[in-house]
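J.: Have a look at this one before I ask anything.
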Amino acid sequence: MRNIRIITNGIPTSVGPLIINQPLPVGELRYADPFVLLHHAGPQRIEPGSEVHKVESHPHRGFEPVSFVFSGTVIHRDSLGNVGKISGGEVQWITSGKGILHEEGPSLDGSSTGVDLELIQLWINLPSEKKMMEPAYQELHKTAIPDLLLCNGKLRLAVVAGDMKGIVGPAVTQTPISAAMGWFEEGANGMIDFIHDDCMLLYVLAGTLEINDEHVASAHQLVVFDNKADEVSIRAREAGRLLLLSGQPLNEPIATYGPFVMNSEEEIREAFRDYAGGKFGTLE
Ligand code: MN
């Protein structure tokens, strides 16, 4: 079995109008190479009128910000000219590369009574040779994301990226990355794995899981496993939701500041200079 390296408890923070749990980075886990940051927002009621409080135009460089929406709807506009909208079970995969500007925020999507929003934003690092690539945008709707039923049908995984038991996710990734959103019932019991010697993470959005018969992970906890291809056993004590990730470590120096993830402090200063100099394009 793939052993657990650490389980982190998230720290509370906020982004724009959203209340966030942040299990990565935390004091005892600064980086889970290649995963830089994991933000879990909600479930949070978005009342009519409050959706105007979006995260205003900001830049990114050197990594991939990916949003997994579990419920509700988020909207997005960027300097590439994309205007996007994704809802429960859907994913937005941005490759910021050399630079993108965007704004993002909740949407009522036509509801007059409000919606419950829940999403995860994950930052995936790019290797040095791809940090300055042309930016790209993928919007992955429900019809494109295949389901995989495990644990006698009590765990439903929506496979977003990579290959899990022959089910292939639609996301184009820059390095080997696997990702699946999951919904499980009480009593779900079985083995899961991506079968790669990569960093593997399991984040629990809600519910309680016994892992490898000896650890318990509950809502808002991030389980980080050893980088060893092997199975993990799960048993659900209480129904809930999860995000399962694996990624090949980059093993490169990392320098992060604000919305930039680079290899050196000089590259961070360059990113600020380029942003100030208008090199990230414009948001119409
Ligand atoms: Mn952003």
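J.: Does Ala144 qualify as being surrounded by fewer than 17 Cβ atoms within 10 Å (Cβ to Cβ), under 17 Å from the mean Cα position of the chain (by Cα) and not polar (S, T, N, Q)? Don't jump to the end; show me each part of the working.
T.: Working: surrounded by fewer than 17 Cβ atoms within 10 Å (Cβ to Cβ): yes; under 17 Å from the mean Cα position of the chain (by Cα): no; not polar (S, T, N, Q): yes.
The answer is no for Ala144.
J.: Taking Gln138 as the residue in question, decide whether it is more than 25 Å from Gln221 (Cβ to Cβ), away from the ligand (no atom under 16 Å from the Cβ) and open to solvent by 20 Å² or more (accessible area, probe 1.4 Å).
T.: Considered against the rule, which asks whether it is more than 25 Å from Gln221 (Cβ to Cβ), away from the ligand (no atom under 16 Å from the Cβ) and open to solvent by 20 Å² or more (accessible area, probe 1.4 Å), Gln138 comes out as no.
J.: Another question, then. Mind listing whichever residues of the stretch 33-57 are modelled with pLDDT under 95 and within 30 Å of Arg269 (Cβ to Cβ)?
T.: Residues satisfying the conditions are Lys54, Val55, Glu56, Ser57.
Results for (1) of a type outside the set (A, V, I, L, M, F, W, C); (2) farther than 23 Å from Phe184 by Cα, shown as yes or no for each residue.
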site: Cys199; (1), (2): no, no
site: Ser218; (1), (2): yes, no
site: Leu242; (1), (2): no, no
site: Glu266; (1), (2): yes, yes
site: Arg273; (1), (2): yes, yes
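J.: Can you pull out the residues in the stretch 217-240 that are touching a Leu at 6+ places or on another chain (Cβ under 9 Å) and open to solvent by 60 Å² or more (accessible area, probe 1.4 Å)?
T.: Once the filter is applied, which keeps residues that are touching a Leu at 6+ places or on another chain (Cβ under 9 Å) and open to solvent by 60 Å² or more (accessible area, probe 1.4 Å), the stretch 217-240 yields His220, Arg235, Arg237, Glu238.
J.: Moving on. Residues to consider are Met164, Met181, Met133; find the one that is within 30 Å of Pro17 (Cβ to Cβ), out of contact with any Pro (no Cβ under 6 Å at 6 or more places or on another chain) and hydrophobic (A, V, I, L, M, F, W, C).
T.: Numbers: Met164 fails: within 30 Å of Pro17 (Cβ to Cβ); Met133 fails: within 30 Å of Pro17 (Cβ to Cβ).
It is Met181.
J.: Would you be able to tell me the number of residues in the stretch 155-176 that are in contact with a Ser or Thr (Cβ under 7 Å, 6 or more places away or on another chain) and aliphatic (A, V, I, L, M)?
T.: 2
J.: Residues of the stretch 63-74 being out of contact with any Pro (no Cβ under 8 Å at 6 or more places or on another chain) and within 13 Å of the ligand (Cβ to nearest atom), which ones?
T.: Matches in the stretch 63-74: Phe63, Glu64, Pro65, Val66, Ser67.
J.: Among the residues of the stretch 242-279, how many are touching a Pro at 6+ places or on another chain (Cβ under 7 Å), closer than 30 Å to Glu231 by Cα and open to solvent by 10 Å² or more (accessible area, probe 1.4 Å)?
T.: Initial filter on the stretch 242-279 (touching a Pro at 6+ places or on another chain (Cβ under 7 Å)): 247-250, 252, 259, 263-264, 275.
Next, only the ones that are closer than 30 Å to Glu231 by Cα stay: 247-250, 252.
Now drop any that are not open to solvent by 10 Å² or more (accessible area, probe 1.4 Å), which leaves 248-250, 252.
Residues in the stretch 242-279 being touching a Pro at 6+ places or on another chain (Cβ under 7 Å), closer than 30 Å to Glu231 by Cα and open to solvent by 10 Å² or more (accessible area, probe 1.4 Å): 4 in total.
J.: OK, next. Pairs, please: C-beta under 7 Å, at least 6 apart or cross-chain, first residue over 19 Å from Ser178 (Cα atoms) and in the stretch 131-147, second polar (S, T, N, Q) and part of a loop (DSSP other than H, G, I, E, B)?
T.: Pro135/Ser96
J.: Quick one: is Thr282 touching a Leu at 6+ places or on another chain (Cβ under 9 Å) and either more than 16 Å from the ligand (Cβ to nearest atom) or open to solvent by 80 Å² or more (accessible area, probe 1.4 Å) (or both)?
T.: Details: touching a Leu at 6+ places or on another chain (Cβ under 9 Å): yes; either more than 16 Å from the ligand (Cβ to nearest atom) or open to solvent by 80 Å² or more (accessible area, probe 1.4 Å) (or both): yes.
Answer is yes for this residue.
J.: In the set Gly110, Gly97, which member is surrounded by 19 or more Cβ atoms within 10 Å (Cβ to Cβ) and assigned to a loop (DSSP other than H, G, I, E, B)?
T.: Numbers: Gly110 fails: surrounded by 19 or more Cβ atoms within 10 Å (Cβ to Cβ).
Criteria check complete, one pass: Gly97.
J.: Do we have any residue at all in the stretch 121-137 that's more than 14 Å from the chain's Cα centre (by Cα) and farther than 30 Å from Pro253 by Cα?
T.: no
J.: Output the residues belonging to the stretch 18-62 that are over 12 Å from the mean Cα position of the chain (by Cα) and within 16 Å of the ligand (Cβ to nearest atom).
T.: If the condition is that a residue be over 12 Å from the mean Cα position of the chain (by Cα) and within 16 Å of the ligand (Cβ to nearest atom), then Leu18, Ile20, His53, Lys54, Val55, Glu56, Ser57, His58, Pro59, His60, Arg61, Gly62 are the ones that fit.
J.: So, one more: Looking only at the stretch 58-72, how many residues end up being closer than 20 Å to Arg269 by Cα and not small (Gly, Ala, Ser)? Talk me through it step by step, then tell me what you get.
T.: So in the stretch 58-72, the residues closer than 20 Å to Arg269 by Cα come out as 58-64.
Then keep just the ones that are not small (Gly, Ala, Ser); that gives 58-61, 63-64.
Final tally of qualifying residues: 6.
J.: May I pose another question? Please tell me if Pro12 is open to solvent by 40 Å² or more (accessible area, probe 1.4 Å) and modelled with pLDDT of 95 or more. Let's see the steps before the verdict.
T.: Details: open to solvent by 40 Å² or more (accessible area, probe 1.4 Å): yes; modelled with pLDDT of 95 or more: yes.
Yes: the conditions hold for Pro12.
J.: Next question, about the same structure. What's the number of the only condition in (1) away from the ligand (no atom under 12 Å from the Cβ); (2) of a type outside the set (Gly, Ala, Ser); (3) open to solvent by 50 Å² or more (accessible area, probe 1.4 Å) that Val91 fails to meet?
T.: If we test Val91 against (1) away from the ligand (no atom under 12 Å from the Cβ); (2) of a type outside the set (Gly, Ala, Ser); (3) open to solvent by 50 Å² or more (accessible area, probe 1.4 Å), just (3) comes out false.
J.: Just the residues that are in contact (Cβ under 8 Å) with a residue 12 or more places away in the chain and open to solvent by 30 Å² or more (accessible area, probe 1.4 Å), please, taken from the stretch 40-51. Even if it seems obvious, please write down each step before you answer.
T.: Here is the first cut: in the stretch 40-51, the residues in contact (Cβ under 8 Å) with a residue 12 or more places away in the chain are 40-48, 50-51.
Matches in the stretch 40-51: Pro43, Gln44, Arg45, Glu47, Pro48, Ser50, Glu51.
The values are calculated or read from the model by the stated rules, or taken from the named source; none is laboratory data. Predicted model only: the values in this text are computed from it and were never measured. For neighbour counting, all protein chains shown are included, and Cβ atoms are generated from backbone atoms with ideal geometry for every residue, glycine included. Quick note on the areas: whole protein, heavy atoms, side chains included, nothing else; ligands and nucleic acids left out. Shrake-Rupley method; radii C 1.70, N 1.55, O 1.52, S 1.80 Å.
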